[in-house]
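No lab work stands behind these numbers, since they all come straight from the coordinates. None of the values given here were measured: they were computed from a predicted structure. Don't worry about glycine lacking a Cβ; one is built from the backbone with ideal geometry, like all the others, and counts go over all protein chains shown.
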Amino acid sequence: MRHLLAIDQGTSNTKALLVDEAGRIVARGLAPVEQRYPQPGWVEADAVALWESVASAVDDCLAVGDHVALAAVAVTNQRESTLVWSRHTGRPLGPVVSWQCRRTAALCDEARADGLAPLVAARTGLPLDPLFSATKARWLLDEYDPDRVRSVAGELCVGTVDSWLLWNLTGGTAFATDASNASRTQLFDIDRLAWDDDLLAAFRVPRAVLAEVLPSNGVFGMTRHVGRLPAGIPVAAMIGDSHAALFGHGAIETGATKATYGTGTSLMSVTQERRRSRHGLSATIAWALADGANERSLSHATYALEGNISVTGMAVRWLGEILGLADPDADLTELASTVADSGGVSFVPAFVGLGAPRWEPDARGVIVGLTRGVGRGHLARACLESIAFQVRDVFDALIDDLGAGPNALLADGGASRSDLLMQIQADVLGRPIVRSETAELSALGAAHVAGLAVGMLDSVKTLREEPNSADRFEPRLAPDRREAGYRAWLAAVERATAGVHTRDGQSVLGPTARL
């Protein structure tokens, strides 16, 4: 029996799954990834340690035995995080600047003052924000190649995490990315499906440092021998983690919408053709699947609208650690279940600013509504509610942009394992939540993409017809209580953004703050 090895390199850990021909997960590997916070708002990781976490997770996953026949390797990854390395030595010149990092806020302000925002939105579908890769790439090059001599000469590689993993998996013989990851860089024209020369010039990123952009399924390169991973296995899929989760749900039809609950949360809805948002959501490429005639063609691209929330699962971990819980993630949910509500407490976890639909990097976290009667359980409950309220912000924006909404929200990711959070989410949205029973859906979705590339899946139609086991959570909260809680949270958001203004001098409020 042939197997697929799926690598899911995330913000806080790396997972590896071994998937058989029936789509069953037969082995797992897991390794932590340490995040560093050298200054307020700065988030980074060590590039070598990140790769070592991948090698470790893969080795543990393949420890099931030598009888495993690998058909392909699939890679899915945290998006937007960016690094620079030497093309000759393969050594990184600096850190992996995380997607959460806000060190380039001033560069975004500079680009906005130069009138660049409309061009970025028109070409890439993305708002100007430190989340995306372009200003991270510029910051890294300003630090390590300020005159761009090495960059123009082709001595350096600047890439997102997927291209760094491919480089190491193939021993430096392949430097490529896929269309889904490229579409998150603010350097890629999602209509022409190519790197954009005007944006490269504006952000001072020479074309010579960038990877080749390929379809999400296809042979990106062949593995070198790494621990238990043998040489000569095709890397047959690369796709951003949120996109892979959407694919794993089988949510490939227009309007299908999912939320991936991780360190942050991504809501994504398939649109087929590119759509423009009135609420600051991102138009993005969900995936590009190769056709039989030209395996390197990007002509078959599927689009999506997406809203990125910077801090959700991270807030649970933070509060759990502050409260001294032995298992911050699981114990916080248990603590929250000891109370019926938050006791009037509202929490806005703007640790690195606010993402969609507000896009305010200078906002900071607040906890409001504290009284002497508030206990640990109320704080825990307010933390879970903050996730659900942020998701509602984006979900309402998606519905308004699309002109219609799904009857239910699909859910996946580590934080979605909390039944209480899923019930709160259903109550806050007033819609059912359908949670995948597979916790590692991004990895499984990437495996499906690789399966298409190597013939272990016949077609996308097969995915559409396969049943996806799920748990369902129905809303229970009365509408008046739902809206009262949401309005209280919106008032807390106003405090988080107090003194913060948009470029036109108006106070920052999201599209749903008017309700």
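Across the chain, the volume of the C-alpha convex hull divided among the residues equals 136 Å³ per residue.
Ranked for footprinting exposure by Cβ neighbours inside 10 Å, fewest first, 303, 486, 37 give 37, 486, 303.
Explain nothing, just the number: dipole magnitude of the chain about its Cα centre with +1 on each Lys and Arg Cβ and -1 on each Asp and Glu Cβ, in debye rounded to the nearest 20. It would help to have the intermediate numbers written out before the result.
Numbers: 48 positive and 61 negative charges, 120 e Å.
Here the size comes out at about 580 debye.
Based on DSSP H runs of at least 4 residues, each adding -39500 (n - 2.57), what is the mean residue ellipticity at 222 nm of the chain after dividing by all its residues, to the nearest 500 deg cm²/dmol?
Numbers: 16 runs with 170 residues, N = 515.
That comes out to -10000 deg cm²/dmol.
Residue-wise HN-Hα couplings along the stretch 110-124, as the Karplus relation 6.51 cos²θ - 1.76 cosθ + 1.60 with θ = phi - 60° gives them from phi, are 5, 5, 5, 5, 7, x, 7, 4, x, 5, 4, 5, 5, 7, 10 Hz; Gly and Pro carry x. Secondary structure note: in the stretch 2-248, about 65% of the DSSP beta bridges are antiparallel.
Local charge for residue 378 was computed over the other residues whose Cβ lies under 15 Å away, with Lys and Arg +1 and Asp and Glu -1, and equals 0. Converting phi to 3J(HN,Hα) with the Karplus coefficients 6.51, -1.76 and 1.60 and the offset θ = phi - 60°, the stretch 160-176 yields 7, 4, 4, 6, 5, 5, 4, 4, 6, 5, 9, x, x, 8, 10, 10, 8 Hz in sequence order, with x at every glycine or proline.
Close amide H partners of residue 257, meaning residues 5 or more places away or on another chain with modelled amide H under 5 Å apart, are 410. 3J(HN,Hα) along the stretch 421-427, derived from phi through the Karplus expression 6.51 cos²θ - 1.76 cosθ + 1.60 where θ = phi - 60°, amounts to 4, 5, 5, 4, 4, 4, 5 Hz, with x in place of Gly and Pro. Sorting 56, 282 by the number of Cβ atoms found within 10 Å of their own Cβ, with the fewest placed first, yields 56, 282.
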